[in-house]
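Colleague: Right, I'll just put the structure down here and ask away after.
The values are calculated or read from the model by the stated rules, or taken from the named source; none is laboratory data. Only a predicted model underlies this, so the values are computations on that prediction, with no experimental measurement involved. Backbone-built Cβ (ideal geometry, glycine too); neighbour counts: all protein chains shown.
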Amino acid sequence: MALAKAVYDRRTEVGLTQADLAERAGLTQAKISRIEGSDTVPTLPCSPNSPMPSTPPSTSPSTPTTPESTSPATTPTPPDTSDQTRRDIVYDSGASPRRRLWRRWGVSGARWRGQSCLTVGMESSASIAVAALRRIEFRQILYAGADDRIIGVTGKFIAFIGLPGAGKSTVCASLATLVGGVALQEPHDWPPAVTDPSTANGFTALNWFRAMRVPMYYRAMREREQGRIAVLDTYYDKIGHQLLGAEGMDWFLAPSDPYFDIYEEISRRDWEILPNPDVVVLFELQEPIWRHFLTSRGRALDDNWGVSDSFLIQRHFVAAAELLCDTFGIPLFRFTQEISSPDVAAARLLYELRVAGLLN
């Protein structure tokens with residue numbers, strides 16, 4: 001069956017023996033041998049936020065010949081799929097996208113929250129095997145100590161760069177939902193140090209934002225290492241060194257600020273140290289569209305901090321993104337923002353990223 005071949009191929013690719021894999025999986029060598037001999041399918045705990053496979057599981061059974069296998073391989077009898085075929089063409093508009101995928105692939109009653117196990121609701125044992133193999137826990141077992149490649153989906157860290165008010169946060173949330181990933185967004189519940197400039201200077205506000213954002217960069221790195229897709233809505237701290245002191249960026253932090261030199265040094269170190277993403281998405285838009293977005297979000301601070309008068313600084317974000325990607329060898333994807341809903345924009349971005357070969 002498909003699981004046997006997938007387990008054997010991946011195990012041998014990363015140089016693990018059956019005993020090594022058994023130790024990492026908490027099983028015995030005999031059980032691994034039976035799995036590779038198609039005698040059994042392991043039960044794997046489900047985790048929240050685990051992505052579904054990007055393509056329907058294959059139902060073509062195949063059994064590898066394994067030198068360590070001691071159990072005879074068996075070929076399961078294909079089930080009658082006439083009812084399943086009929087269910088495949090039913091589109092349930094009231095169900096969530098994930099549940100529609102479950103039904104399309106013959107999964108029923110699966111629980112994806114808590115510590116429950118993958119429900120045996122598929123009508124093909126080969127489909128069960130492939131779906132189980134693609135669970136995050138088994139990917140971690142196979143690739144612990146090797147590399148970050150996984151079966152079916154490879155983790156990605158996607159970072160957005162662009163003008164304030166370009167729609168990055170809302171598109172970030174929608175894109176993460178579409179790919180079954182994690183949206184990492186700058187908080188919008190701001191303290192007085194940010195909302196009332198009279199209580200503190202710009203340095204204090206920037207430090208608060210940095211304290212909120214930097215942990216998200218490292219979380220994105222961890223999500224990627226575990227095979228998930230992390231979408232980060234703002235990457236200011238990595239490119240802050242390129243923005244400080246640029247023409248029109250006084251609202252960010254004026255060179256006359258007594259802490260300017262200190263923050264410049266912090267920004268320089270962030271440029272060198274903070275994690276790099278796999279893809280940078282640069283949001284670009286025309287001024288009328290940008291002003292439409294600013295008006296729609298209705299944030300008074302855009303006027304108080306002078307953001308609403310700063311469209312021309314878009315060129316600084318473009319230059320910073322280009323320098324970042326050139327310096328660290330990161331793919332740069334330029335996304336032209338338009339007036340639409342966040343869901344429509346995210347769907348368009350996802351399509352364009354896939355066409356460009358930057359996302360599976």
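Colleague: Just to check your reading of the model, which residue among Phe252, Phe260 is out of contact with any strand residue (DSSP E or B) (no Cβ under 6 Å at 6 or more places or on another chain) and at pLDDT below 90?
Modeller: Residue meeting the stated conditions: Phe252.
Colleague: Sticking with this one: Hey, can you tell me all the residues within the stretch 325-360 that are in contact (Cβ under 8 Å) with a residue 40 or more places away in the chain and in a helix (DSSP H, G or I)?
Modeller: Cys325, Phe328, Pro342, Asp343, Ala345, Ala346, Ala347, Leu349, Leu350, Leu353
Colleague: Quick check, is Tyr217 farther than 17 Å from Leu163 by Cβ and in the same structural domain as Ile330 (by TED's automatic domain parsing)?
Modeller: Criteria met by Tyr217.
Colleague: In the stretch 169-178, which residues are surrounded by fewer than 24 Cβ atoms within 10 Å (Cβ to Cβ) and of a type outside the set (Ser, Thr, Tyr)?
Modeller: Those that are surrounded by fewer than 24 Cβ atoms within 10 Å (Cβ to Cβ) and of a type outside the set (Ser, Thr, Tyr): Ala173, Ala176, Leu178.
Colleague: Report the residue count in the stretch 184-197 for those that are charged (D, E, K, R) and surrounded by 14 or more Cβ atoms within 10 Å (Cβ to Cβ).
Modeller: 1
Colleague: Condition check: among the aromatic types (Phe, Trp, Tyr) and more than 29 Å from Ala356 (Cβ to Cβ). Does Phe260 satisfy that?
Modeller: yes
Colleague: Here's a follow-up. Being part of a helix (DSSP H, G or I) and buried (at least 20 other Cβ atoms within 10 Å of the Cβ) is the filter here; which residues of the stretch 243-269 pass it?
Modeller: Tyr263, Ser267
Colleague: Right, here's the next one. From the set of residues in the stretch 198-214 that are within 21 Å of Asn276 (Cα to Cα) and either without any contact (Cβ under 8 Å) to a residue 40 or more places away in the chain or not aliphatic (A, V, I, L, M) (or both), which is surrounded by the fewest Cβ atoms within 10 Å (Cβ to Cβ)?
Modeller: Only one residue fits best here, namely Ala211.
Colleague: When you scan the stretch 327-360, how many residues do you find that are crowded, with 16+ Cβ neighbours inside 10 Å and not hydrophobic (A, V, I, L, M, F, W, C)?
Modeller: Adding up the residues that qualify gives 4.
Per-residue answers, yes or no, for (1) of a type outside the set (D, E, K, R); (2) part of a helix (DSSP H, G or I):
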position	(1), (2)
Thr170	yes, yes
Leu175	yes, yes
His188	yes, no
Leu206	yes, yes
Met216	yes, yes
Arg219	no, yes
